[in-house]
Amino acid sequence: MGDGARASAPAWRRVVVKVGSSSLTDEDGRIHPPRLWAIARGLLALEEATGRTPVLVSSGAGAAGRERLGLRLPLTLPQKQAAAAVGQGLLMLEWARALAPRPVAQLLLSAGDVHERERYVNAKNALRASLEAGAVPVVNENDSVATAELRLGDNDTLSAWVATLAEAEALILLTDVDGLYDADPRRSPDAKRLAEVADPGVLGAEVAGGRGSARGTGGMATKLHAARIAHDAGIETWIVGGGGAALEAIARGERIGTRIAAGRTRPAREAWLAQQHGVGRVRIDDGAVRALRSGRSLLPSGVTGCDGTFRFGDAVDLVAPDGTVVARGLVNYDRDGVVAIAGRHTREIASVLGTKDYDEVVHRDDLALIDAPARTGVEAADPVAPEPAREDR
Ligand code: GLU
C-alpha cells in the first residue's frame, strides 16, 4: 500500500485528522457506522503510536441531517441550518459510541474564532482544556448559525486552522482519493501520485483535480489551500484515502498518500498573523521593505499610502512598491491616521494628529514576514484559489 515502511511511527506531538463526509456517510448521506468505527480505531492507533490524543475534525453533519429530515436538494439556507443542527447531534452520538469509553468534546467553530485574535485564543484554550481533561476533541464548523461571510466554508480549511490552534505537527486529510496527482486522475490515465511535496506554494491547478464527491464540500483545491495554511504554520499535511485503515498504516510508520512538508515553524502569534487576510493595505517604500526584512518596525516615514479601510489593531497587509505583500501586522493607527502621517518623521506624529500614541505604524512584535513563494521547476501556470463552498447542501 505505501511507498515503503518507515522504521517507526511518526513522533508527532499532536496530530489533527480531518474526515470528509464521503468517508463517513453512504450514498444517501446516512452516517455509515462501520466506516466511522474503523476511523475511530485508526484514531486510537495514532494515539497509541504517538502517545498523544489526536484532534478530530469531522464533516458529515449536513449530509446526515439532510437525510434524517428527508430534505431534497437544493436546500434553502434555513433548511441547511436545520440539517446541520440535526446532523451534528447524530454525528456526535456516533463518535461518542465509537470512541467510548473516551469522552468526546464537541467544538463548533466559525470564521470569527480563527480570525479574531481574542476568540482565537479562547478557542485554543477550549481545545487544550478538552485534551487535558482526557477527551477526544471533535471539531466542526458551526454550520447551523454561521452562514455566508461568517463561515470558513469547508472543513479542509477549518482543519488547517484547528491544526494551528492545536499547535499540531501534522494534519491528516482523510478523503476518497489517495493523494495529490500531477494531473487530474479522472481525466489523465497517466496521472502520477505525488508522494512528497516540499512546498505547496508551487503547485498549481493541475494537481487540484476538481471538486470532491456530491456529499463533500471540498475537492483537491480546498485540500491544497489547507496544506498551504498548514505549511506556513510549520505543520506537515498528509492527503490520504482509504478510511480507518490509512490511519492505522500511518500509525505503523508507513508512507502513504501525499505528504506535504512543513514550512519553517514560527512563534504562535506570528503564525496566526501570517495566515490572516489583511483587512486593508498599507503601501510602503523600498527602504521600509528592507527594514522589515531585517527585523525592524514600520515607521511612518516608510509609508506611501493606504488601500481599504481599517481600524486600530486590525491586521493589515504591508505592500512593497512592486505590489508584493511582504508582511502582515497589527496596525497602531486607523486608516485616516496612517494616511495623515504617511511619509512623515516620527517626531511629527503629535503635531499632525494632535496626539502620539505610538512611534511605529506597525511594531516589529506585531508583524509577520510573508515568505516570497519559492521558485522551482514545478512552477504552475495558475495559482489555485480555494473554490467557494458548494451551495447544494
Ligand atoms: N461542516 C460540514 C458538515 O459537517 C462539512 C463541510 C465540508 O464537508 O467541508 O457537514
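No lab work stands behind these numbers, since they all come straight from the coordinates. Only a predicted model underlies this, so the values are computations on that prediction, with no experimental measurement involved. So basically every Cβ, Gly included, is an ideal-geometry build from the backbone, and we count neighbours across all protein chains shown.
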Item to check | Relative pair counts by distance (%), Cα atoms of region 108-150, 5 Å bins | outcome: 5, 23, 25, 24, 16, 5, 1
Checklist entry - What's the center-to-center distance, using Cα atoms, between region 298-332 and region 260-284 in Å? => result 14 Å
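With contacts defined as alpha carbon pairs under 8 Å and 6 or more residues apart, what's the relative contact order of the chain in percent?
Values: 893 pairs, mean separation 68.9, N = 393.
That works out to 18 percent.
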Checklist outcome for this item: Largest fluctuation, Arg97, Arg30, Arg328 only, Gaussian network model of the chain with Cα springs under 10 angstrom, belongs to Arg97
Item to check | Nearby lysines by direct alpha-carbon distance to Lys124 (threshold 30 angstrom, same-chain neighbours under 8 apart not counted) | outcome: Lys18, Lys80, Lys223
Next on the checklist: For region 16-52 and region 91-124, what is the centre-to-centre distance using only Cα atoms, to the nearest Å?
Outcome noted: 16 Å
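Grab the beta carbon distance between Arg30 and Arg347, set R0 = 51 Å, and tell me the FRET efficiency rounded to 0.05.
Values: r = 69 Å, r/R0 = 1.35.
In this case the efficiency is close to 0.15.
In terms of the Cα gyration tensor, with a ≥ b ≥ c the square roots of its eigenvalues, is region 1-150 rounded because a/c is under 1.5, prolate because a/b exceeds b/c, or oblate?
On the way: a/c = 1.99, a/b = 1.31, b/c = 1.53.
It is oblate, given that a/c is not under 1.5 and a/b is not larger than b/c.
Counting only DSSP beta bridges with both residues in region 45-167, what percent are antiparallel, rounded to the nearest 5? Working shown, then result.
Numbers: 0 of 8 bridges.
DSSP beta bridges in region 45-167 are roughly 0 percent antiparallel.
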Checklist outcome for this item: If one builds a Gaussian network model of the chain from Cα atoms under 10 Å apart, the most fluctuating residue listed among Arg72, Arg283, Arg193 is Arg72
Checklist entry - Is region 255-350 rounded, prolate or oblate when judged by the Cα gyration tensor, a ≥ b ≥ c being the square roots of its eigenvalues, rounded requiring a/c under 1.5 and prolate requiring a/b larger than b/c? => result prolate
Item to check | Kirkwood Rh and Cα Rg combined as Rg over Rh, evaluated for the chain | outcome: 1.01
Item to check | Among Val17, Val325, Pro185 the positive-end extreme of the charge dipole of the chain (Cβ point charges) | outcome: Val17
Checklist entry - What is the antiparallel percent of DSSP beta bridges lying wholly in the chain, to the nearest 5? => result 40 percent
Checklist entry - In degrees, nearest 10, range 0 to 90: what is the angle between the Cα axis of helix 220-232 and the longest Cα principal axis of the chain? => result 50 degrees
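Once you wrap a convex hull around the alpha carbon atoms of region 104-251, what is its projected area averaged over all directions, in nm²? All intermediate terms of the calculation are to be shown ahead of the outcome.
Values: hull surface 38.9 nm².
Result: 9.7 nm².
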Checklist entry - Which residue, Thr237, Thr222, Thr265, has the most motion in a Gaussian network model of the chain that connects Cα atoms within less than 10 Å? => result Thr265
Next on the checklist: I'm a student and want to see the number: the projected area of the Cα convex hull of region 65-154, averaged over all directions, in nm².
Outcome noted: 6.3 nm²
Item to check | Convex hull per residue volume in Å³, alpha carbons only, for region 23-89 | outcome: 84 Å³
